[in-house]
Amino acid sequence: MKKNTPNVATHLLENPESYLLKIGGVLRKLSLDELPNLINIIKGEMVFVGPRPALYNQEDLMALRIETGVDKLKPGITGWAQINGRDDVSIEKKVQLEQEYMYRRSTLFDIKIIIKTFTNVLFGKGIRH
């Protein structure tokens, strides 16, 4: 991201592409910007599959997660909401999908999500920037 990028969620930016550096766009498109989160998994702060961490200023998302109980899940690098829309779904739909994941959670479901994540990344599905 460029220096003058507002500190807000991507979906709140009018033209997110204008804030990306060329290399950042490539890293984001390939989801390579997620690799540092492997350290958080090793530390036990994150898991591979779970709701994506909210930014500190995404109060609307955090409030819905608390209301639905999704806030009790550990954050993940990928999740059910990410493979079902990523940047293309509303916050309400995102939390609905996260809640569905919470009820359906299992090893097989996690494997399905991880496989679908790789196919989505390969084809750039659900990425707006």
Sparse-neighbourhood loop sites, GluC sites (Glu not before Pro) in the stretch 34-73 - DSSP loop, at most 15 other Cβ within 10 angstrom: Glu45
Alpha carbon Rg of the stretch 36-123, scaled by the compact-globule rule 2.2 N^0.38 Å: 1.03
Estimated inter-spin distance, Ile41 and Lys3, nm [label 7 Å along Cα→Cβ]: 3.5
Integer Hz, Karplus 6.51/-1.76/1.60 couplings in order for the stretch 73-81, x for Gly and Pro: 7, 5, x, x, 6, 9, x, 4, 5
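The numbers here are math on the coordinates, done by the rules we state, and not lab data. Note that this is a predicted model, so its numbers are computed, not measured. Reconstructed Cβ throughout: ideal geometry from the backbone, glycine too, with neighbour counts over all protein chains shown.
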